[in-house]
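Chemist: Here it is, the structure in full.
The values are calculated or read from the model by the stated rules, or taken from the named source; none is laboratory data. Keep in mind the model is a prediction, meaning the values are calculated, not measured. Cβ placement follows ideal geometry from the backbone for every residue including glycine, while neighbour counts extend to all protein chains displayed.
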Amino acid sequence: MPLYKLEQFYPNYRERFGGDDVKALDVHTEGGVRVGSVADALVDQDGRFRYLVIDTSVDSLSKKILLPIGLSRINYPAKRVYVDGLSKQQIEHLPEYGENIPVDENFEEKVRSVFRSSTSNLIYDRETYSYQKEPALYDLNEQYHQTLRLYEERLIAHKHRIKTGEVAVSKHVETEIARVSVPVEKERVVIERVQPTAATVVDPNEAKFQEGQVARIEVYEETPEIYKEAFVREEVRVKKVVDRDTVETQDTIRREELDINTAGELHVDETSTTRHGVV
């Protein structure tokens, strides 16, 4: 069965335990001797706590080990975790836990073999083993671990995106008749034959009668030159904008509250109005 670090499985685990952080607790024996601190916790695929990762420090020996959760007693007000004895000899025989060391079935069995009672008649079978077979190591139903869970309902809001439409922007070509006026000039020759108003006598020596005399005049005209050019008439920019709104809803939710009834002269100390889930 795969195991997960506490924060991997419960990213907001502090909220789950009313703001308490199991990682910040020191580990003491029932006699009050400090043997280390909690570095992390491992849970199974169902979210049940199976091990505390203990950063041990006993005499000159220090290493990280896994402690089955059933051997611990957590006291949040005192900020301590108590264990039913954790000897230097046990720490020496326990496999060292590390970030890059996989916690597989063999690793767990090495841990269990150190803490397993000598009177246990369990025969380990990897194929059929389950945590329920060793409640002394993994259950929290001892005298100091009796737990009454109070449940409450919460409204959970999720959202998902759905396609509500589509806008397609394209272009097409339209044709029309365009007219343009260009003024042009044409030259033409005007020949005028004018009769003199008075007779003029020409000296015979000056009069030259010749054939083949030609006067040339070049005649021009303008012709229109019309062609087409393409210009950018308009730019169209397409973009999306997000309009935000808040959708509110309401429903009736339930919450369980604790009722304490005592009989006789029994004094009950309630240390906190917030009931912490026992790891």
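Chemist: Of all residues in the stretch 163-193, which are part of a loop (DSSP other than H, G, I, E, B) and touching an Asp or Glu at 6+ places or on another chain (Cβ under 8 Å)?
Modeler: VAL184, GLU185, GLU187
Chemist: Do we have any residue at all in the stretch 224-243 that's part of a strand (DSSP E or B) and not polar (S, T, N, Q)?
Modeler: No, the stretch 224-243 contains no residue that is part of a strand (DSSP E or B) and not polar (S, T, N, Q).
Listed here are the residues, each with its yes/no results for (1) among the basic types (Lys, Arg); (2) within 19 Å of LYS5 (Cα to Cα); (3) free of Cβ contacts under 8 Å to residues at least 24 places away in the same chain.
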residue: ASP40; (1), (2), (3): no, yes, no
residue: VAL43; (1), (2), (3): no, yes, no
residue: ARG50; (1), (2), (3): yes, yes, no
residue: VAL53; (1), (2), (3): no, yes, no
residue: THR56; (1), (2), (3): no, yes, no
residue: LEU61; (1), (2), (3): no, no, no
residue: PRO77; (1), (2), (3): no, no, no
residue: VAL81; (1), (2), (3): no, yes, no
residue: LYS88; (1), (2), (3): yes, no, no
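Chemist: When you scan the stretch 150-159, do you find a residue that is under 30 Å from ILE260 (Cα atoms), among the hydroxyl-bearing types (Ser, Thr, Tyr), under 58 Å from the mean Cα position of the chain (by Cα) and surrounded by fewer than 10 Cβ atoms within 10 Å (Cβ to Cβ), even just one?
Modeler: The answer is yes, given that some residue of the stretch 150-159 is under 30 Å from ILE260 (Cα atoms), among the hydroxyl-bearing types (Ser, Thr, Tyr), under 58 Å from the mean Cα position of the chain (by Cα) and surrounded by fewer than 10 Cβ atoms within 10 Å (Cβ to Cβ).
Chemist: THR197 - would you say it is over 60 Å from the mean Cα position of the chain (by Cα), at pLDDT 75 or above and hydroxyl-bearing (Ser, Thr, Tyr)?
Modeler: yes
Chemist: Could I ask something else about it? Could you say which residue among LEU6, LEU66, LEU52 is of a type in the set (A, V, I, L, M), modelled with pLDDT of 90 or more and closer than 30 Å to ARG154 by Cα?
Modeler: Only one candidate qualifies: LEU52.
Chemist: Can you tell me which residue within the stretch 90-107, out of those that are surrounded by 13 or more Cβ atoms within 10 Å (Cβ to Cβ) and under 21 Å from LYS5 (Cβ atoms), is farthest from the chain's Cα centre (by Cα)?
Modeler: LEU94
Chemist: Follow-up question, since we're still on this one. Looking only at residues that are β-branched (Val, Ile, Thr) and touching a Phe, Trp or Tyr at 6+ places or on another chain (Cβ under 9 Å) in the stretch 84-120, which one is modelled with the lowest pLDDT?
Modeler: ILE101
Chemist: For the stretch 65-79, give me each residue that is under 22 Å from SER117 (Cα atoms) and in contact with a Ser or Thr (Cβ under 7 Å, 6 or more places away or on another chain).
Modeler: ILE65
Chemist: Can I ask one more? Residues of the stretch 6-16 being exposed (fewer than 15 other Cβ atoms within 10 Å of the Cβ) and not in a helix (DSSP H, G or I), which ones?
Modeler: Once the filter is applied, which keeps residues that are exposed (fewer than 15 other Cβ atoms within 10 Å of the Cβ) and not in a helix (DSSP H, G or I), the stretch 6-16 yields PRO11, ASN12.
Chemist: In the stretch 105-119, how many are part of a loop (DSSP other than H, G, I, E, B) and within 15 Å of LEU67 (Cα to Cα)?
Modeler: 2
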